[in-house]
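A.B. asks: Please read through the structure below; I'll follow up with questions.
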């Protein structure tokens, strides 16, 4: 009776264990899927690196430097220059080098040219790993190319005709590399300038909204209480304050427009423009063509070695001639492409330097103009505020000498308009001053002024007011509204 029950229990336990194993296997499979792409790419590149290293040591390093009977050491590998074996090894080594370099080209292209402009900011760990893989592939390709060039350079010494690039081509290659680095650095610098300008415009725009709201409220208060300005001087002061700060924000808006239209937009257009991309594309094509020339040179050496070590045949001779002709065509195309790429890169570099320098100069000029205009507006507002403050404390029937409501520092002798505020009165010394701001007299004892009029200054008070005569009228006015003149036109001198 117990036998079937025991068997059923054992079957259930076995099924339970299988279920647990299956569930755990599914979980492990799901976790492994997240890293599948990165792991596959890493293993793929590691296998590439190992295979290429072995092939380079065993295949590319074996070369025949002399004819039969000589043993040549290339790198760390020694080979016997047997006629059939050496030719086969040479063919295999050159083919492996060419195949390895071409296989690494597609992986390393994005790292060497397209991926160098990508910013690391905002990348997740997976993208960083992929960037590291691309850089590793680029280093691997460079290593293969250098070893291939070294071997080809050694083999080229056996021939009377130089197969590798000459000194002029090498100089062109190095110059292109420097130009590429220079333009890339300038492009990144331009991008930083654009980001800074855009951030400044964004913050300043928000500040403009706040200040204009304040100016609007001040103007509203001043307008609503304008009829009672004689009893409430705050209304007039608020109106002047609001109008002045509205003008300030207009100047700021002009500054931001210059920064956007004359600095940010030209730099952005050059960053994403066609000339830079075309020049970089030419440089990329030059690099690929240069690698193709190196591969073709290896092919010519391989066929020459076959002709030396085997019986001469018309088919082999024809193939050698075709390979040499192809190499000559590639070298001619390489020289022409190098000149074109160098010219394009030089033009782009010159444009980058000129436009960036001009943008910085424009920024400084715009800032200077903004602060200069803002200073004029604030000086006028300051004089208005002083006048309102003094009018509040004066007698209603006459206009006495303003009180020292505002005293200049003891060591400040001259104001920006050239008038001396150190002495409260200058009764014995008269001088001429030119009106630079219009002033409307609001009370008895004040003197109205018009721009470009000339005033005879009788005395200057330390609180920012001056007494003078203009057009037969005498009275008080803000000192900041006039500027001292040492030379006065004859027709402006009052009789």
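The values are calculated or read from the model by the stated rules, or taken from the named source; none is laboratory data. Computed from a predicted structure; not experimentally measured. Neighbour counts run over all protein chains shown; Cβ positions are idealised from the backbone, glycine included.
A.B. asks: Answer yes or no: is there a residue in region 223-246 that is surrounded by 18 or more Cβ atoms within 10 Å (Cβ to Cβ), closer than 30 Å to residue 176 by Cα and modelled with pLDDT under 95.
C.D. replies: no
A.B. asks: Evaluate the following for residue 491: is it at pLDDT below 75, out of contact with any strand residue (DSSP E or B) (no Cβ under 9 Å at 6 or more places or on another chain) and either in a helix (DSSP H, G or I) or surrounded by 15 or more Cβ atoms within 10 Å (Cβ to Cβ) (or both)?
C.D. replies: Against the criterion (at pLDDT below 75, out of contact with any strand residue (DSSP E or B) (no Cβ under 9 Å at 6 or more places or on another chain) and either in a helix (DSSP H, G or I) or surrounded by 15 or more Cβ atoms within 10 Å (Cβ to Cβ) (or both)), residue 491 qualifies.
A.B. asks: Quick one: residue 323 ticks every box in (1) within 30 Å of residue 174 (Cα to Cα); (2) surrounded by fewer than 18 Cβ atoms within 10 Å (Cβ to Cβ); (3) over 41 Å from the mean Cα position of the chain (by Cα) except a single one, so which number is it?
C.D. replies: Answer for residue 323: the failing condition is (2).
A.B. asks: Additional query: Show the residue pairs that are 6+ apart or on different chains and have beta-carbon atoms under 9 Å apart, the first residue being within region 182-201 and in the same structural domain as residue 351 (by TED's automatic domain parsing) and farther than 17 Å from residue 361 by Cα, the second being at pLDDT 95 or above and surrounded by fewer than 17 Cβ atoms within 10 Å (Cβ to Cβ).
C.D. replies: Once the first residue is in the same structural domain as residue 351 (by TED's automatic domain parsing) and farther than 17 Å from residue 361 by Cα and sits in region 182-201, no partner that is at pLDDT 95 or above and surrounded by fewer than 17 Cβ atoms within 10 Å (Cβ to Cβ) comes close enough.
A.B. asks: I've got another one for you. So is residue 202 over 35 Å from the mean Cα position of the chain (by Cα) and assigned to a helix (DSSP H, G or I) or not?
C.D. replies: No, not satisfied.
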